[in-house]
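Peer 1: The structure under discussion is supplied below as structure tokens; questions concerning it will follow.
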Amino acid sequence: MVVVDKVVRRFGPVMACAGVSFAAPEKSVTVLLGPNGAGKSTVLGVVSGRLMPHGGDALVEGASVSANPIGVRALTGSVAEDQAFPDCVTARGFLRFACSLRLVPRRDRDAEVSRVAELCSVTDVLNRPARELSRGYRRRLALAGALVSDPPVLVLDEPTAGLDPAQLAGFRELVRSLAQTKTVILSTHILSEAEAVADRIVVIAEGLVRAEGSVDEIRGQDGLERAFLRLVEATPAAEAPR
């Protein structure tokens, strides 16, 4: 389980998070929904232990981001919005590097690479350069790297951006299957995408939580879609938090 409690985070004069609070239950998918620049990526950065909050805290499986960021990183698998891969590194090499970062013993790395590759359906491209893979395969490879050492929490930033309909359906199915055993938190700016995959939705705009609840609860709030569209239009394109 993940609990975000009044998290504040600034970047210079820009207030990216202005007191964000929500809970993400275990064995579920919680979607942070908001326009570009709403503060979603900043929240995910705090939850994964990559960013320190300037106020408040986040608890990941009981570990405090403020007090124990290294412990939090060990508990979370994280995928960035536009995952970068080093030049000339094969998909297998990328996963072996992920194993080294996760301190997987050398004797166990081949087995771990095979496990996550099969789970994310990238076994057939393991010997190909990672940067030359299609976007769909790169997203799956990034997810496979996040699953090394089987962390209980997954943090995915805009994981379906740029996928075609077939890739999108497959990725949704994979995320839903992972949520049977993990806490999954992902971000999107697409309302229909949130409704398709989420157990809970947290609507964020301008660094604040605007609405929160189950999919049915969110759907039952009169005019939520119109309100969300107004938030998109109201969020400045410049000076906006991520």
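Peer 1: Keeping all protein chains in place, calculate the accessible area per residue for the range 94-201 (probe 1.4 angstrom), answer in Å². Kindly include the intermediate steps, with their values, before the conclusion.
Peer 2: Details: 4840 Å² over 108 residues.
Value for the range 94-201: 45 Å² per residue.
Peer 1: Apply the Karplus curve 6.51 cos²θ - 1.76 cosθ + 1.60, θ = phi - 60°, to the phi angles in the range 32-39 and return the couplings in whole Hz, x for Gly and Pro.
Peer 2: 8, 10, x, x, 4, x, 7, x
Peer 1: Can you list residues from other chains, or at least 5 along the same chain, whose modelled amide H is less than 5 Å from the amide H of LEU51?
Peer 2: When sequence neighbours closer than 5 places are left aside, the close amide H contacts are VAL46.
Peer 1: How much length, in nm to one decimal, is gained on full extension between GLU195 and MET52, taken as 0.36 nm per residue of separation minus their Cα-Cα distance?
Peer 2: Between GLU195 and MET52, full extension yields 48.5 nm more.
Peer 1: Turning to a different aspect of this structure: Charges only on Cβ, +1 for Lys and Arg, -1 for Asp and Glu: so what's the dipole of the range 85-188 about the Cα centre, in debye to the nearest 20?
Peer 2: Once rounded to the nearest 20, the dipole reads 180 debye.
Peer 1: Could you tell me what percent of the accessible area of the chain is made up of carbon and sulfur, with a 1.4 Å probe and every protein chain present?
Peer 2: Percent of accessible area from carbon and sulfur atoms in the chain: 51.
The values are calculated or read from the model by the stated rules, or taken from the named source; none is laboratory data. Every value quoted in this text rests on a predicted model; they were computed, and no experiment measured them. We place every Cβ from the backbone using ideal geometry, glycine too, and count neighbours over all the protein chains shown. Heavy atoms of the whole protein, side chains included, go into the accessibility calculation; ligands, DNA and RNA do not. Shrake-Rupley method; radii C 1.70, N 1.55, O 1.52, S 1.80 Å.
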